[in-house]
Each structure stands twice: as C-alpha cells, then as structure tokens.
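Structure record follows, encoded as structure tokens.
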Amino acid sequence: MKFADEFRESSLARDLSRTLAREAEAIGRPVRIMEVCGGHTHAIFKFGLYDLLPPSVRMIHGPGCPVCVTPRAVVEMAVRLAEQPGIILCTFGDMMRVPGRTRSLAQARALGADVRMVYSALDALEIARRHPDRTVVWFAIGFETTVPGTASAVRRARAEHLHNFLLLCNQVTIAPALRAILEAPDVRVDAFIGPGHVSVIIGTEPYRFVAEQYRRPVVISGFEPLDILHSVFQILRQIRSGRPEVAVQYRRAVRPEGNRLALEVMEEVFEPRDQEWRGLGVIPASGLALRPPYADMDALRVFAGLLPPALPDPRGCRCGEVLRGVATPPDCPLFGTACTPSYPMGACMVSAEGACAAYYRYGRSTAAQPAAEVGEIARS
Amino acid sequence: MHGRDPGYILVAHGSGGKLTGDLFRDLFLPAFRNPYLEQAGDQAVVPLDGVRLAVTTDSFVVSPLFFPGGDIGRLAVYGTVNDLAVGGAVPAYLTAGFIIEEGLSTEDLRRVVQSMSEAAARAGVSIIAGDTKVVERGKGDGLFINTTGVGWVPPGVELGPARIRPGDRLLVSGPVGDHGAAVMARRAGLDFEVEGLVSDTAPLAGLVQALLAAFPGAVRCMRDATRGGLATVLVELATASGKAFRVDEAAIAVREPVRGLCEVLGIDPLYAACEGRMVAVVAADVAEAAVELLRTYPDGQQAMLIGTVAEGPPGEVLMRTVAGGSRRLELLEGEQLPRIC
Ligand code: SF4
C-alpha cells in the first residue's frame, strides 16, 4: 500500500490555487459545485481547501453519505428489530448513533438489545454461522461501494443453507440521486465532483446523462487535496469551454468500465426498486431489492409489521435541505446546540461523512486566520 | 427526545472524548471533589510525609487482546507507567486487577501475564498487589485489566499546563497513530494485507527523565498521546493552558503503513491512539537541543518539533495542512470509524 505524498504537496497546491483563481475569473460568474460524496466533503474540510479555492467557487455538499440518507422510519425499523427477542442486529458503526423515533441502535443496545458493530456484511454472516439459534439481521446500507460485499454475503448464505441470515436493505445507487437533484426545483448546481469509491465499481457510464442531457460536468475525483483541487480545475475548464463531459481525475483507481465482477454479483442478487431518501423523497429505481430467488432473506418481508409509517424529521431539523445542498449546516437552528456529534438529532451530524459533522468538527471559524500566517508561526 | 443525554450510559461515555469529560465534570467531580481531583491530570500528585507521591489508575479493555506489536498486558503496564512518567514522576509500583471472562484460555492469560512481567521489568516497576475476579461467560470481553501506579516526583520538578508560555515549542517524540492503526487493522481483518503495522507500545519514563535532567525548568508540560491521538492531546493542552497552538501538519511524522491504512479506512492518523509517544511543551531556546537529545534514544529517533504556542483564543489549535490550507483541530467526539462510502 503506497501512499502518494505527491498528492499533498503544498507548493503544488498553491500553484493550482492560483491557476484556479485565473480560471474562475475568466468564467466571470459564481460556480456552484456539488461534491456528491461525503468523503470529499470531509477531505475539503480536513485539508482546509476552502482557503485555496477562489471565492466565486462555492462547494455544495450532496447526499453522498449512506448513513445520512437512510429514512428515519427505516432506522426506527432497525431499532424495533433489534429489540425483538432472538435477533442479533449487525450494522456499520456510524449507523448505530442515528436516532430513530425514540432512540438510536446504540441506545437500544445500552438498554439490552443485541446490536453488533461490524466492518462488513461478511462479518455479519460469520456471526450468523456462529449463532445458528438466533436470527442475524444485516442492516445493509451504502452506495455501490458496499453493495457487492452484501451481495456476496447473500450468495454465500444461500450456498451454505444458512436460514438465519436476513437483510434489512436500504442500499442506494448514485445515478438516480443525481437526476433527482438536477430535477429538484430549489437546487442549483453547475457541476459535480463525482464519488471516487463508488466509481471504482460502476465506472463512468452511469453519469453520462448528466453531461449529455443536463449539460453539467462530472469529474470523478480522488480524496487527496490535490485530487480535489485538480478536479475543480477540470470542472472550471469544462465550464469555460462550454463542453461538459464525464471525466476521471481519479485515474489511479477508477477505470471507465468499472469493476465487472463486482457489478455482476450485484446484478445477480439485487434489482432496482423505488426508494425513499431522507431529504430527497422517493426516487424512482434508486434503491436495491433482493431478486425473487433471495427474497426470503428480506427482513422487511419477514417482519413486515415492524416497519412504522413514514417518520418526518424532528422539528427544527433541516437535514433534508442540507442533503440537497439548499441549506448549509449552520443554517439549521439545532446545529451545535441541540444537535452535536455526541447527541445528534439528525443523521448528517452522525457519520464522519455527514456535512453537519464535518462543519462541526472542522468548519467552525477555521480560516479565522490566513493559512500562510499559521504556517509561518508553526515554523518560526 | 434526542440531542440530549438519554439518562443512561452509552459506550461513548467511556471513549475518552467529550462524553467521558461530561461524566467526570457532572457526576464524579461533584461527588468526590478535592483539590487533587480538580486538577484532572493524568495523575494526581499528593504530599505524603515530605515525599510528593504520584498516583494514577487506568483500566484496559482492548479488543483484540493480542495485536501486532503488543497485547493488553503490555498496554496495562506501559499505559499506567506513562501516565506517571509524563507528570515528571519516577514510576515505582503497580497493582493489577484482573477481570476474567469464564472460558478464557489459560494459555492466553499466561501469555498476557508473562508480557506484563517483561514490561514491568523494562519500565523499572514492581507489581506489588493484585486481584482476580471471574465473570460469567458473556459478561466480559475475555479479559479486562486495571492497573494502579505509584511513583514519586523528584524535588524541583514542576510541570503543568499553567506553565506554558507563548513562544514555547511543541515537541512529539515520534511518528503518531501506530497503535490505533495496528488495532484497527486487526479489527477490520486487514492486518495481513498491510505490512509493517505495529503498535508503538513502549515506556516513556526514560525519555522523560532524560529531558528533565538535561533541561531543568525548560520543560513546561508533557502528556502521552493515547486515546484521541495527537490532535486531542494538543487541544486539551491548549485548553488547559489557556493558549493558542499553531501546528504544521507537514512536520508531523506518520509512518507509511499507518498512512496507507488510514487512507483505506478513511481515518485521520492525528486522532489515532499512540501508546508510546509523548507531547512535550518546551521553552523555545532549548527546543532544538531537546529534539537532538530525544533522537539519541531508540524510542525517540524520530522526535520532531511540530508547532508553537501563540497568543490567541484559549484552546484554539490551528493547523496548516499539508495542502497549504488551514484547519482547526478539535477534541475527538466518539470513536473514529471506518468509512462506508
Ligand atoms: S444540525 Fe443536526 S438537525 Fe440540523 S441539519 Fe444538521 S444533522 Fe440535521
């Protein structure tokens, strides 16, 4: 595993920053770029990239955090499932802290439910093997990055005749979400920074409609500071030339055709379904349902009665608008007061990839001082 | 409703971050209040018949019990010894309490105890008392160890955040994040794929005593960077001293495999735990010499100066990032978790 220091060089970053300023000036109007993926939101804050972007370039945070877009009713369903006797509910760590109607999975665990934090669907499968007398529910969330892992866990469970492995499925796909954002009347986005890890799996084809039908650039970016600056540069270039297209900046990881094996196993196990997203409502064909041969593993079928009716976000919370890039986290009246990472009210405050968490952790008054000055003091 | 303390304890209350601090401030401190506890340091220094006695206690609940470069036993010895050492104390004695889950293999326990015995010898302390309890299967995580450490602070040694002055320099004794990365790699099942991930678990007393002896009065304050990593320690020190820190990310060493793993998992090495690194605040005029001195020790070979104490908003730690932007460091809230997307 080689780490690329050249993607962090601050002198290169400064050069790029100057080039960006020139490009932005040549465009002559504000440019609104949505970073779809929470990993990019996080990196932008983590490396203080706002200091290096021209003032006319505005970054908007998109819906790219799977924890954040999971509807509250589904989280509540997970809590109710976990509280059934005989059930072990397995989930990613971040999901544990998202509140359902009255409590989160972490709180349910503190009160006696068997909730386990795992790192992958295969870990959950292993728990099912070890506890044949219990029903293990894998709370499957995520974009195309984690879906292949879940799909192969499903396939293995079937091959091993494990009847105690179920899926509470809330996996989503990125392309329909982009279309929904482009169609939303209150959202204004000039271009997208495309998600790096998702695109390793799906390649570039699914984004083509953004450039062709909606005339907006998509640049799939890596997560290092220079990756992101470079992607912004490519976007500005495309805007200036008036020729939007789908480009891959993250060439060291993303191939245009994606990962064929991963796509195949996904395809075999899941089929598209309409799906509710927190903040974006129901998006056609944006979710994944188990295909008929695997449908008996669907926890939503087996425990249909536990799914509550739709739950609106708590009062005052603006998660929905934050997820559409219409509001920024500090616009929310609960931000930093009633809603903090220790006691989150909304999902965007929970996961490290959520916009509110990123703002809370890095954003408040960062750049209170020009970066150059900070550096000089540190070195003096 | 959410957004507030639910009225019962969550795992996050023990993570060493904000909620742990809330518990201390709102629950323990009011009940036990006394001047020593109020200092809320890693150790308490209490007068006893002319000697300044240093006391600290810590419980170790690491999972897995064995990880690359160490195990829970070694951690239980060095963790406590280091809390004494960074307060300027000479560690002398330890007690050890074992809470064992029914079913733990005797062989594993033997390995842990053997490792504790070696660690104690290396750190120059004797384990003088202990306790054993066994809980039913399912009521523990294999093995928990509590250690209490006792030492003494030599005359003339005065350390503490209150002594930190603008212009002082920030020093770290080596690369950061090794322990956190090694444990996370093992938990995520990635430790076989990433070569060279090894915990930095090591005793700090040698480095500390060398610094104190060479630069009497010029060492203001020291901390070991454990849970919450380097970033959390810096914020805590800046807050406790009422000063602002300026840090240069490019000066902070992170070993290649650690960086790589953190990249893959989406974790920030500055928040990953260390178990053998200290942060020292030293007077500017001895800073270079202090680094040179530390570099003559095996555990301090990559010691570095990473920043400066400034006038400014108390508790503010601003870091110039490797990309040339700036970013404010905050306390770790909750655990660091691998990314999903
Ligand atoms: S601050 Fe909390 S409640 Fe408000 S939008 Fe963010 S996550 Fe939602």
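Some points to look at:
- FRET efficiency, 1/(1 + (r/R0)^6) with R0 41 Å, evaluated for B:Arg110 and A:Arg240 via beta carbons: 0.05
- Neighbours of B:Arg277, meaning other residues whose beta-carbon lies under 12 angstrom from its beta-carbon, give a summed charge of -3 when Lys and Arg score +1 and Asp and Glu score -1.
- Alpha carbon centroid spacing (whole Å) that separates the range B:170-249 from the range A:185-241: 39
- FRET E, pair A:Arg101, A:Leu122, Förster distance 41 Å, beta-carbon r, rounded to 0.05: 0.85
- Ratio of the Cα radius of gyration of the range B:114-200 to 2.2 N^0.38 Å, where N counts its residues: 1.60
- Under-5 Å amide H pairs with A:Val137, H placed in peptide plane, nonlocal only: A:Ile88, A:Leu89, A:Cys90, A:Leu166
- Alpha-carbon Debye profile of chain A, log10 I(q)/I(0) at 0.06 Å⁻¹: -0.24
- Approximating the spin labels as points 7 Å out from Cα along Cα→Cβ, the B:Ile9-to-B:Glu288 distance works out to 5.1 nm.
- Stretch in chain B that is longest and holds no chymotrypsin sites (Phe, Trp or Tyr not before Pro) that DSSP places in a loop and that have at most 16 other beta carbons within 10 Å: B:9-191
- Taking 0.692 mPa s as the viscosity and 37 °C as the temperature, the Stokes-Einstein diffusion coefficient of the range A:50-144 based on its alpha-carbon Kirkwood radius rounds to 224 µm²/s.
- With all protein chains in place and a 1.4 Å probe, the accessible surface of the range B:1-93 carries 59 percent carbon and sulfur.
- Shape call, chain B: gyration tensor on alpha carbons, a/c limit 1.5: rounded
- Evaluated at q = 0.11, 0.14, 0.19, 0.20 Å⁻¹: base-10 log I(q)/I(0), Debye formula over Cα of the range B:166-325: -0.42, -0.67, -1.17, -1.27
- The apolar share of the surface of chain A, taken as the fraction of accessible area on carbon and sulfur atoms (1.4 Å probe, ligands and nucleic acids excluded), comes to 52 percent.
- Using the Karplus relation 6.51 cos²θ - 1.76 cosθ + 1.60 with θ = phi - 60°, the per-residue 3J(HN,Hα) values for the range A:125-133 come to 4, 4, 5, 5, 5, 6, 10, x, 8 Hz, with x marking Gly and Pro.
- Distant-in-sequence amide H partners of B:Val134 (H built 1.01 Å from N, under 5 Å): B:Ile100
- Every helix of 4 or more DSSP H residues in chain B counts as -39500 (n - 2.57), and over all residues that averages to -8500 deg cm²/dmol at 222 nm.
- Working from Cα pairs under 8 Å separated by at least six residues, relative contact order for the range B:203-275 is 45 percent.
- The residues of the range A:86-113 listed by number as losing at least 50 Å² of accessible area in the complex, against the isolated chain and with a 1.4 Å probe, are A:Gln107.
- Delta accessible area of at least 20 Å² on complex formation, residues of the range A:317-347, 1.4 Å probe, chain isolated as reference: A:Pro341, A:Ser342, A:Tyr343, A:Met345
- Phi angles of the range B:281-294 translate, via the Karplus equation with coefficients 6.51, -1.76, 1.60 and θ = phi - 60°, into HN-Hα couplings of 9, 10, 4, 4, 6, 10, 4, 4, 5, 5, 5, 4, 4, 4 Hz per residue; Gly and Pro are given as x.
- In the range B:185-228, burial by the other protein chains removes 30 Å² or more of 1.4 Å probe accessible surface, compared with the chain on its own, from B:Arg187.
- Computed over protein heavy atoms with a 1.4 Å probe, the accessible surface of the protein assembly as shown works out to 39 Å² per residue.
- The orientation-averaged shadow of the Cα convex hull for the range B:48-99, equal to a quarter of the hull surface, comes to 4.4 nm².
- Pairwise burial B:A, computed as accessible area of each alone minus the pair, summed, 1.4 Å, Å²: 5200
- Theoretical FRET efficiency, 1/(1+(r/R0)^6), r = Cβ-Cβ of A:Val302 and A:Leu182, R0 35 Å, to 0.05: 0.45
- Using the Karplus relation 6.51 cos²θ - 1.76 cosθ + 1.60 with θ = phi - 60°, the per-residue 3J(HN,Hα) values for the range B:240-248 come to 5, 8, x, 10, 10, 10, 10, 10, 10 Hz, with x marking Gly and Pro.
- Quarter the surface of the alpha carbon convex hull of the protein assembly as shown and you get the mean projected area, 30.4 square nanometres.
- Solvent-free Debye scattering, log10 I(q)/I(0), computed from the Cα coordinates of the range B:86-156 at q = 0.14, 0.25 Å⁻¹: -0.51, -1.11
- Shielding of peptide A:41-48 by partners, expressed as the average count of other chain Cβ atoms within 10 Å per residue Cβ, is 5.
- Cα pair distances in the range A:181-248, grouped into 10 Å bins until the bin that holds the longest one, percent each: 22, 52, 25, 1
- Peptide B:242-254 is shielded by partner chain Cβ atoms: per residue, an average of 3 of them sit within 10 Å of its Cβ.
- Cα gyration tensor category, rounded, prolate or oblate, for the range A:4-73 with a/c compared to 1.5: oblate
- Exposed loop sites here are trypsin sites (Lys or Arg not before Pro) assigned a DSSP state other than H, G, I, E or B and surrounded by at most 13 other beta carbons within 10 Å; excluding them, the longest clear run of chain B is B:140-341.
- Amide H to amide H distances under 5 Å link B:Val90 with B:Trp152, B:Val153, where only residues 5 or more positions off or on other chains count and H is placed in the peptide plane.
- Kirkwood hydrodynamic radius of the range B:258-341, from the reciprocal of the average inverse Cα-Cα distance over all distinct pairs: 15.6 Å.
- The helix-only estimate of mean residue ellipticity at 222 nm for chain A, built from DSSP H runs of length n ≥ 4 each weighted as -39500 (n - 2.57), is -10500 deg cm²/dmol after division by the residue total.
- Kirkwood Rh (inverse of mean 1/r, distinct Cα pairs), the range A:234-334, angstrom: 18.0
The values are calculated or read from the model by the stated rules, or taken from the named source; none is laboratory data. Note that this is a predicted model, so its numbers are computed, not measured. Cβ coordinates were reconstructed from backbone atoms using ideal geometry, including for glycine residues, and neighbour counts include every protein chain displayed. What goes into the accessible areas is simple: the full protein's heavy atoms, side chains included, and nothing from ligands, DNA or RNA. Shrake-Rupley method; radii C 1.70, N 1.55, O 1.52, S 1.80 Å.
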